[in-house]
1. Taking the Cα-to-Cβ direction at residue 75 and at residue 130 and moving 7 Å from each Cα, how far apart do the two end points lie in nm?
2. Normalise the Cα radius of gyration of the stretch 154-220 by 2.2 N^0.38 Å (N = residues in it) and let me know the number.
3. Kindly sort 72, 48 by accessible area of their heavy atoms, largest first, with the probe set to 1.4 Å.
4. In debye to the nearest 20, how big a dipole does the chain give about its Cα centre with +1 on each Lys and Arg Cβ and -1 on each Asp and Glu Cβ?
5. Mind listing P(r) for the stretch 182-222? All alpha-carbon pairs, 10 Å bins, whole percents.
6. In Å and whole numbers, how far do the C-alpha atoms of the stretch 42-101 stretch along each principal axis, longest first?
7. For the chain, what is the calculated [θ] at 222 nm in deg cm²/dmol (nearest 500), taking -39500 (n - 2.57) for each run of four or more DSSP H residues and dividing by its residue count?
8. Can you give the charge dipole size of the stretch 148-192 about its Cα centre, rounded to the nearest 20 debye, using +1 on the beta carbon of Lys and Arg and -1 on the beta carbon of Asp and Glu?
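The values are calculated or read from the model by the stated rules, or taken from the named source; none is laboratory data. Because the structure is a prediction, the values reported are computed rather than measured. So basically every Cβ, Gly included, is an ideal-geometry build from the backbone, and we count neighbours across all protein chains shown. What goes into the accessible areas is simple: the full protein's heavy atoms, side chains included, and nothing from ligands, DNA or RNA. Shrake-Rupley method; radii C 1.70, N 1.55, O 1.52, S 1.80 Å.
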Amino acid sequence: MMMAKDRPPPLYTVKVYHGYGHTHNCTLFGHVFAGATNLRDYDRSSTWENIVHLVRLFLLRPMAGVPVRLSWNQQQIHTTTASDGFFTFNWSSDHSISAGWHEVVVEALSEEGFIINSGKGKLFVPHLTQFGIISDIDDTVLVSHSSTMLKRLLLLFTRNPRSRQAFIGIPVLYQWLAQLRTESDTPNPFFYVSSSEWNLYDDLVDFFRFNHLPEGSFLLNQVKRWYDLLKTGKTKHEGKLLRIV
């Protein structure tokens, strides 16, 4: 008979979002959720499957109080998830960091310090002489009808990231801004700020990549649960200002 102490730890998903910074000030965000990540099959993406997919994004269970560890070069940085499963790492690198994208690994740990699961992410370090571009998402890059709740929800429920519309000319403009007065291998950094929740992170990243928009760091709103699904994107804009600062 399996004793309680012999039970395997619960399955966690460690989501690591794009971070940013420089040698003396690096920042990385993420979440720890219970269960496995749901993958989307765009070849079978009917309206009904889009609805099911969206609902699943809000049927998550954030895991509070989980120890997490960031591996960065030869450094290990520790923190613990907040009540909504969110974690933040702020650290100084022991070594100088070259400009560009760098891979990072974050591990969720058991109380005994064993690795339960891990997630990979990226951190962007710009040249100090580069421009930084801060952009809204909804109704700036992505056609969202944010001011009309029914239209916004209709798009969310019936369209997937690859069938959503970007505003005409925005991908070309943003790619031009990314390369403005810099080298092609170290584009200007983009920071995408939105009232949309972290629930929609993967869909937003897929939309940006599918439409050939510059890679960037997303600064989104707190996760919502299933009972707040119809309120998605409806938050006060003061939070955007704080994230921009």
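1. 1.9 nm
2. On the way: Rg = 12.8 Å, N = 67, 2.2 N^0.38 = 10.9 Å.
That ratio works out to 1.18.
3. On the way: 72 5, 48 170 Å².
The ordering from most to least exposed comes out as 48, 72.
4. Values: 24 positive and 22 negative charges, 141 e Å.
Dipole magnitude for the chain comes out near 680 debye.
5. 28, 51, 18, 3
6. 50, 31, 14
7. Numbers: 5 runs with 47 residues, N = 245.
So the helix-based figure for the chain works out to -5500 deg cm²/dmol.
8. Working: 6 positive and 2 negative charges, 85 e Å.
Dipole magnitude for the stretch 148-192 comes out near 420 debye.
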